[in-house]
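The values are calculated or read from the model by the stated rules, or taken from the named source; none is laboratory data. Just so you know, these numbers come straight off a predicted model, no measurement behind them. Ideal geometry is used to build each Cβ from the backbone, glycine not excepted, and the neighbour counts take in all protein chains shown.
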Amino acid sequence: MAKSTQERSCNTTPLPEDTLNTKAVQFWVHNKLKKSRELPENFNLLQCFFGEHLLKIYPYKYVAIAESEKSAIIANMIMPELIWLAAGNL
């Protein structure tokens, strides 16, 4: 059995051509790549918190968790003494 790879993916929202249209469709990039067979068969999605990479950079800071990525970014601007993570779509 082949060793599985662990990859990360992103959720993207393409901007609609009609800027008045507020119904933008979100999709996961890895799902598009799976459908087009551009990912290996042993692809294994590894989910993580938004901002998780900051834990290694700032190991001495306290951690706060927000529900959305946008909230974590705004909270970081108001309280930069904390590491703000977001659960997003986990």
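Report, by residue number, each residue of region 28-59 that is surrounded by fewer than 12 Cβ atoms within 10 Å (Cβ to Cβ) and either charged (D, E, K, R) or modelled with pLDDT under 65 (or both).
Within region 28-59, K35, R37, E38, E41, K56 qualify.
Give the residue, chosen from E41, E69, that is assigned by TED's automatic domain parsing to the domain that holds V29 and charged (D, E, K, R). Step through it out loud before you land on a result.
Details: E69 fails: assigned by TED's automatic domain parsing to the domain that holds V29.
When all the criteria are applied, what remains is E41.
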